[in-house]
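Structure first, commentary second.
Please treat every number below as a calculation from the coordinates, not as lab data. What you see is a predicted model; the values in this text were computed from it and never measured. Note: ideal-geometry Cβ built from the backbone for every residue, glycine included; neighbour counts use all protein chains shown.
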Amino acid sequence: MTINMEQQKRYGHFDDQHREYVITDPQTPWPWINYLGNEDFFSLISNTAGGYSFYKDAKFRRITRYRYNNVPMDNGGRYFYLKDGDTVWNPGWKPCKTPLDFYECRHGMGYTRITGRKNQVEASVLFFVPLKKWGEVQKVTLKNLSQEPKQLKLFSFEEWCLWNAATDMENFQRNFSTGEVEIEGSTIYHKTEYRERRNHYAFYHVNTEIQGYDTDRETFVGLYNEFADPQAVIEGRPRNSHAHGWSPVASHYIEVTLQPGEQKDFVFLLGYIENAQDEKFEAPQVINKKKAHALIASLDTTEKVDQAFAELSAYWDDLLSIYKVKTGNDKLDRMVNIWNQYQCMVTFNFSRSASFFESGVGRGMGFRDSNQDLVGFVHQIPPRARQRIIDIASTQFPDGGCYHQYQPLTKRGNNDIGGGFNDDPCWLIFGTVAYIKETGDFSILDEMVPFDNQPGTEVTLFEHLKVSMDHVLNNLGPHKLPLIGRADWNDCLNLNCFSMDPNESFQTTENKSEGSKAESLMIAGLFVVTGKDYVALCKQIGKDDEARRMQQAVDAMTEAVKKDGWDGEWYLRAYDFFGGKIGSKECDEAKIFIESQGWCTMAEIGAEEGMVAKSLDATKKYLECEHGIVLNNPAFSKFVYEYGEISSYPEGYKENAGIFCHNNPWVIIGECLAGRGNDAWSHYAKILPSYVEEKYQTLHKVEPYVNCQMVAGKDAARPGEGKNSWLTGTAAWMWYTVSEFILGIKPDYEGLRIDPCLPETAKDYTVSRKFREADYEITVHPNGHQKGVRQIVLDGQPIEGSVVPYAPGKHTVDVTM
Ligand code: BGC
């Protein structure tokens, strides 16, 4: 695809010094969003302040309302309206869309700052969720840049969601009668359903006296008006409405006088409170506001808010100091040091639940997804990763099978989706091994963890790992390869589904696997990779018999792949229900797939026989394109009943020959293990956001600072167009790939294994790595080599081998390739 001027138009740029992406035009090709919050209270915020907030679970505790797929796009959010004479405007341009004299949105680490200027008034809003607080701060700074005094009218606006985001969108016969609010001073409380089973409410406060308010949406907006022209704002006159049912909202009205040059801050706080059952009310019908008052008091001045903001910055300084690289290539350094790690934290927190492509009601935490996300996050806050492993394992079944998803609020397996995805169990090994290598904490293996959250079923976490491996071995098919079940990593390869009913889901409809011969080469490769890890772990903890047993299984699987999983030039993808080949030169379409090339090369199956090199070459030849590596080729041009959802997509999109970024790193790691640094780098750079940023902002569409799940492939109508940004396993895999395989600093049980794989052009670089109780300053001299460490000097002394043994304290490491 040739690049035209339109594609080269820029909407923003990186500011590495402040760890920000600076958006300078509000009309981005798609809303470019950020995430606020770290543990419990979260918000999504777009570059025009659209989005919403929730507590822990985007489905069950939605605090503010958001309508997906709206017209115009991204309509609804936290809005500030300024009325200056007859002009009404918003600092973030939307929803009024009054042309601004200046606009800027800075998305940073856990905060967003949006600044607008109109008629010599500047309004800057800093949005963030303070550490350990259940609330979103919105610090509004108004400045008079003119020579005249200004009389301004400021209206805030939030729309409450009736808690369950799913029923909020459908059960109107009830919803329109349940809404309840309370107003006390400058605080508007949302207490719908608090009178019955809920023990939580929300509030919206501002730290100044208000001159009015509204809490009924239609009264504030007007039944035939829009967010762009709310009646109360246009007339400059709040109604002091009290919502009873219908749609409760929260709007403060503040009259502001600013002398020339004068500046004033207003701290708005959107908060969430839970009360004990017997402490819910302070008087009949009157909610107990004690905790709300305390939360408000902790953030009611500019100084307190600035302090909380400084704490958030320090928190990120700390997190981002654990792994820091200096290569001299800004595009690489900013992804490794800032954005990739940041995206890993976000995916760890959210899994695939809430983004501008995930509605927050559809999916909870994925079993496989969360284990993979963990690998991108474990170096940041290991104790949270530890808890996550236990939560995930608790949803496993005694036979090693797993719920495919669980809800973050209840931590219970999700019955709507069920289980039967036969790759799921292996990922538990992947996540747990990464945790132990990072921390050296073997005690996690002794934790007692239930099955399916049933008290009394507890066994050690190690036992969970064992049944995970056994689940694969107990479900082998005719070629002694793993049976696929509902699907493997590729949720859309549904070989036992046979659905012709458009009203049923390919993934959750009855699993007709009885008598199935459907086997997966992806799971085979995954089993060999995680099986080797499991063997090494068993040896570490003295379980030698178990190590031997599993080594035999790994060897047998390797042989089975070589015998029945090789197609001559690449690895097959699967066998279908009837035992027919998938991903073979014998097929009409989809002759080759990426997943098995990735996993079987990572497993180094048949490396001596030349299979790995051939597979990697075939991947380049048939799957690679300008924007990355597509999932399969040729794309399916028609629906194949026997294969399920995969062929339901038009050519070049999603699992049908899209560039599913998540799996590109598998091939890159395969390249690294094979020592092909030039190829590894060229695949990596193609999907590295900072490279896409420069090339095609308009074509790519979605945020240029994070990876997206899918980029349209070469067969698509618009190759290079990105979709499903933010919540994707790509984040963790990009991190794992660059930190451990390209830059080559790999945590291991005994220390840090150093084994980079670089392009020939790589220059000397330095990685500062905090590892357990130690700080390593590692300088690598590639000397034009792609792979192979010749010598490592630790604190001035040459060492044997490639593992720098762990010892607390500060160390320098000098690596010559
Ligand atoms: C899911 C993953 C899955 C991938 C490929 C994603 O949307 O979250 O679990 O592996 O799609 O189908």
**OP:** Mind jotting down the distance between the C-alpha centroids of region 419-493 and region 98-164, whole Å?
**Re:** 47
Original post:
Lys/Arg Cβ at +1, Asp/Glu Cβ at -1, dipole of region 534-603 taken about the Cα centre: which of Cys600, Ala536, Met550 is farthest positive-ward?
Top reply: Ala536
**OP:** Over all alpha-carbon pairs of region 1-82, lay out the pair-distance distribution in 5 Å bins, whole %, shortest bin first.
**Re:** 3, 12, 18, 20, 17, 15, 9, 4, 2, 0
**OP:** Divide, for region 397-477, the radius of gyration over alpha carbons by 2.2 N^0.38 Å, where N is the residue count.
**Re:** 1.11
**OP:** Within region 95-199, list the GluC sites (Glu not before Pro) lying in a DSSP loop whose Cβ has at most 11 other Cβ atoms in a 10 Å radius.
**Re:** Glu170, Glu196
Subject >> 20 Å reach of a label modelled at Phe281, 7 Å along Cα-to-Cβ, counting backbone N of region 181-198 >> reply: 181-184, 189-198
Subject >> Rounded to 10°, Cα long-axis angle of helix 544-564 versus longest principal axis of the chain >> reply: 80
Original post:
Are there GluC sites (Glu not before Pro) in region 472-524 that DSSP marks as loop and that have at most 15 other Cβ atoms within 10 Å, and which are they?
Top reply: Glu504, Glu510, Glu514
**OP:** Using +1 at the Cβ of each Lys and Arg and -1 at the Cβ of each Asp and Glu in the chain, identify which of Gly85, Asn175, Ala294 lies farthest towards the dipole's positive end.
**Re:** Gly85
Original post:
Using r as the Cβ-Cβ distance of Arg67 and Asp775, and R0 as 45 Å, what FRET efficiency do you calculate, to the nearest 0.05?
Top reply: 0.40
**OP:** Quote the convex hull volume per residue of region 410-562, based on C-alpha atoms, as a whole number of Å³.
**Re:** 133
Original post:
How high is the relative contact order of region 223-303, given as a whole-number percent (alpha carbon pairs under 8 Å, six or more residues apart)?
Top reply: 22
Original post:
Tell me, what is the FRET efficiency for Gln151 and Glu226 to the nearest 0.05, using R0 = 30 angstrom and their Cβ-Cβ distance as r?
Top reply: 0.70
Subject >> Per-residue [θ]222 nm for the chain (sum of -39500 (n - 2.57) over DSSP H runs n ≥ 4, rounded to 500) >> reply: -7500 deg cm²/dmol
Subject >> Within region 564-631, chymotrypsin sites (Phe, Trp or Tyr not before Pro) in DSSP loop having at most 14 other beta-carbon neighbours inside 10 Å >> reply: Phe578
Original post:
Rounded to the nearest 5, what % of the DSSP beta bridges within the chain are antiparallel ones?
Top reply: 95
**OP:** Let me have the relative contact order for the chain, percent, based on Cα pairs under 8 Å that are six or more residues apart.
**Re:** 9
Subject >> Simple label model, 7 Å out from Cα along Cβ direction - Thr457 to Asn119, nm >> reply: 6.5
Original post:
Of Lys9/Lys621; Lys466/Lys654; Lys581/Lys621, which sit over 29 Å apart, Cα to Cα?
Top reply: Lys9/Lys621; Lys466/Lys654
**OP:** Using only alpha carbon positions, build the gyration tensor of the chain, then give the equivalent ellipsoid semi-axes as the square roots of 5 times its eigenvalues, largest first, whole angstrom.
**Re:** 47, 30, 27
Original post:
Put +1 on the Cβ of each Lys and Arg and -1 on the Cβ of each Asp and Glu in the chain; which of Ala574, His700, Pro72 then has its Cα farthest toward the positive end of the dipole?
Top reply: Pro72
Original post:
To the nearest Å, what is the center-to-center distance of region 360-380 and region 710-759, using C-alpha atoms only?
Top reply: 16
Original post:
What's the center-to-center distance, using Cα atoms, between region 217-278 and region 568-638 in Å?
Top reply: 57
Subject >> Between helix 367-377 and the chain: long-axis angle, C-alpha atoms, 0 to 90°, nearest 10 >> reply: 80
**OP:** At 0.36 nm per residue, minus the direct Cα-Cα distance, what do Asp399 and Lys695 gain on full extension? Give it in nm, one decimal, please.
**Re:** 101.7 nm
